[in-house]
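In what follows, a single structure is set out as C-alpha cells and then discussed.
The values are calculated or read from the model by the stated rules, or taken from the named source; none is laboratory data. Treat the numbers as computed from the prediction; the structure is a model and nothing was measured. Here the Cβ is made from the backbone with ideal geometry for all residues, glycine too, and neighbour counts use every protein chain on show.
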Amino acid sequence: MTKMVTLTELKNHLAIQDDRHDLRLSALLRGAIAFVKSYCGRQFTYTTYTEEVEFINGTGFVNESPIGTVSSVVDKYGETYEVLYTSNLCMVKLHTRKTGTLTVNYTGGYSSIPEDLKLAVLQYCEYMWNKPVGVHGTGEAELRTYYEDFDTSLLDMYRVVKI
C-alpha cells in the first residue's frame with residue numbers, strides 16, 4: 001500500500017530533527033491523512049474497487065481515479081455491460097445508453113501519490129502543528145473541527161463531487 005506521506009517527510013517539511021515529538025507527529029499525520037481521505041471522498045490507493053455507480057445514457061463516474069482497468073459492469077439482475085472506453089480521470093462510458101445504478105469492478109487510484117497531494121497533506125499537518133491552541137485530539141473528528149481556516153484549494157482538485 002502506498003503511504004501518502006511518511007513521518008520522515010513530515011519531519012523534513014517541519015524542519016524537526018529530533019525524535020521527541022514522533023508520537024505526536026505520527027498521530028497528527030494519521031489524523032491528517034484520514035481527514036484528507038474523508039474530505040476528498042477517496043482512498044487514493046491503487047487497488048481493486050467495487051462501487052455502485054449511477055449511469056446516465058451509458059456514462060458513469062467512479063470515485064477512485066485514475067482508472068486502471070474496468071473488469072465488469074453489472075446490473076442488479078446480473079446482466080453485464082460492455083465498456084466502450086474510460087477516461088484517464090473517472091468516467092466509464094458503456095456501449096449501450098443504459099441509465100440506472102450499476103455495480104462497477106475496477107482498478108484505480110495512485111501507485112505513487114502525486115506531489116501536490118503530498119504537499120496538501122504536509123501543509124495541513126503544518127497548519128495543525130503551528131495552530132496556537134494546539135491539537136487537542138488526534139482523531140479525525142477533532143482535526144476536522146480545525147480545518148475551517150485551512151486553504152483546501154489543493155485538496156478540492158481531488159475531491160469527489162456527486163451531482
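Table: residues versus (1) outside any loop (DSSP other than H, G, I, E, B); (2) within 20 Å of Ser111 (Cα to Cα); (3) at pLDDT 95 or above.
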position	(1), (2), (3)
Lys3	no, yes, no
Arg24	yes, no, no
Ala34	yes, yes, no
Glu51	yes, yes, yes
Gly60	yes, no, yes
Val73	yes, no, yes
Tyr77	no, no, yes
Exercise. Which of the residues that make up segment 21-50 are crowded, with 17+ Cβ neighbours inside 10 Å and either aliphatic (A, V, I, L, M) or under 21 Å from His95 (Cβ atoms) (or both)?
Worked result: Leu25, Leu28, Leu29, Ala32, Ile33, Val36
For this session: Those residues that are touching a helix residue (DSSP H, G or I) at 6+ places or on another chain (Cβ under 9 Å), within 19 Å of Met128 (Cβ to Cβ) and without any contact (Cβ under 8 Å) to a residue 12 or more places away in the chain, I need them from segment 13-36; list them, please.
Result: Ile16, His21
Exercise. Under 7 Å by Cβ, and 6 or more places apart or on different chains, what pairs join a residue from segment 149-163 that is closer than 14 Å to Gln123 by Cα with one that is surrounded by 12 or more Cβ atoms within 10 Å (Cβ to Cβ) and among the aliphatic types (A, V, I, L, M)?
Worked result: Leu154/Leu119; Leu154/Ala120; Leu155/Val36; Leu155/Ala120
Exercise. Has segment 93-100 got at least one residue that is at pLDDT below 95, among the charged types (D, E, K, R) and either closer than 30 Å to Leu7 by Cα or not in a loop (DSSP other than H, G, I, E, B) (or both)?
Worked result: no
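Which of the residues that make up segment 36-49 are among the aromatic types (Phe, Trp, Tyr) and not in a strand (DSSP E or B)?
Residues satisfying the conditions are Tyr39, Phe44, Tyr46.
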Exercise. What number goes with the only condition from (1) crowded, with 17+ Cβ neighbours inside 10 Å; (2) within 19 Å of Thr107 (Cα to Cα) that Pro66 does not pass?
Worked result: (1)
Problem set entry | Test set (1) at pLDDT 95 or above; (2) within 13 Å of Gly109 (Cα to Cα) - Tyr46 fails condition number | (1)
Exercise. Just one of the numbered conditions (1) at pLDDT below 90; (2) surrounded by 13 or more Cβ atoms within 10 Å (Cβ to Cβ); (3) of a type outside the set (S, T, N, Q) is not true of Glu148; which one?
Worked result: (2)
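Yes/no matrix, rows are residues, columns are (1) among the small types (Gly, Ala, Ser); (2) buried (at least 16 other Cβ atoms within 10 Å of the Cβ); (3) more than 30 Å from Ala27 (Cβ to Cβ); (4) without any contact (Cβ under 8 Å) to a residue 60 or more places away in the chain:
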position: Val70; (1), (2), (3), (4): no, yes, yes, yes
position: Val73; (1), (2), (3), (4): no, yes, yes, yes
position: Lys76; (1), (2), (3), (4): no, no, yes, yes
position: Thr80; (1), (2), (3), (4): no, no, yes, yes
position: Leu89; (1), (2), (3), (4): no, no, yes, yes
position: Gly100; (1), (2), (3), (4): yes, no, yes, yes
position: Val104; (1), (2), (3), (4): no, yes, yes, yes
position: Ile113; (1), (2), (3), (4): no, yes, no, no
position: Val121; (1), (2), (3), (4): no, yes, no, no
For this session: Just give me the residues in segment 52-63 being crowded, with 16+ Cβ neighbours inside 10 Å and not hydrophobic (A, V, I, L, M, F, W, C), in sequence order.
Result: Gly58, Thr59, Gly60, Asn63
Problem set entry | Hits in segment 5-22 (condition: closer than 28 Å to Glu64 by Cα and outside any helix (DSSP H, G or I)) | Val5, Thr6
